[in-house]
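J.: The structure under discussion is supplied below as structure tokens; questions concerning it will follow.
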Amino acid sequence: MFNFLQRIGKALMTPIAVLPVAALLLRLGFGDIFDGHIAMIAKVAGESIFGNLDLLFGIGIAYGFAKNNDGTVALSGAVGVLVAKAVYLGIDPNLKMGVFIGIIMGVMTAIRHDDNFRIFYDRLKANGKQTIQAQIAVMRKMILVAHSVYKNETQYIKKTEIQKENRWNKG
């Protein structure tokens, strides 16, 4: 019933599911439960997960919106995060974007790989909108679709599926 909301939940749940394990590893690394190398390994493992949350969110959101669990979309999200991070750190090494850059790049990757959102984005660009305006409009549309599906308790049906259904029903 909530197909679109389930996709959003799947997209956000992938990176969030890793956080409890990272917290446990970080806690075990304080040295009061384990000593020496075991504590150091646990601490470094936990810190590495928390240090790369932007990458996890970029992969998770892109993968969550992928059709048929397409791994290339997740890889595109990861590459987008790595490139964006390198660019903004090259401009200002003190800038800390955190998880925000992962969410933005994950959503942008999802936009480029989802037919409905891509058509909407291309139509905005053809009408003279700037790239950032078109991307924000697509993100806003994603939020509005999710809200309307939730509020109306209906199922999200893609426009292409409706067009196929109408074509078969016409005769």
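Bear in mind these aren't lab numbers, they're just calculated from the coordinates by the rules spelled out. The structure displayed is predicted, hence computed values, not measured ones. Note: ideal-geometry Cβ built from the backbone for every residue, glycine included; neighbour counts use all protein chains shown.
J.: Would you mind calculating the relative contact order of region 3-154 from Cα pairs under 8 angstrom and at least 6 residues apart, reporting the percent as a whole number?
T.: 22 percent
J.: Looking at the square roots a ≥ b ≥ c of the eigenvalues of the Cα gyration tensor of region 3-154, which shape do they give, rounded for a/c under 1.5, prolate if a/b is larger than b/c, or oblate?
T.: The shape class here is prolate.
J.: Let me ask another. Determine the calculated [θ] at 222 nm for the chain from helices alone, applying -39500 (n - 2.57) to every DSSP H run no shorter than 4 residues and normalising by the residue count; nearest 500 deg cm²/dmol.
T.: So the helix-based figure for the chain works out to -25500 deg cm²/dmol.
J.: Here's a follow-up. Return, ordered by residue number, the residues of region 1-40 whose backbone nitrogen is under 17 Å from a label point located 7 Å along Cα→Cβ of Asp70.
T.: The answer is 7-8, 11, whose backbone nitrogens lie closer than 17 Å to the label point.
J.: So how much slack lies between Leu95 and Ser48, counting 0.36 nm per residue of separation and subtracting their Cα-Cα distance, in nm?
T.: This chain segment gains 15.0 nm when fully extended.
J.: Also, I was wondering about something else. Label points 7 Å out from Cα along the Cβ direction at Arg140 and Leu19: separation in nm?
T.: 2.8 nm
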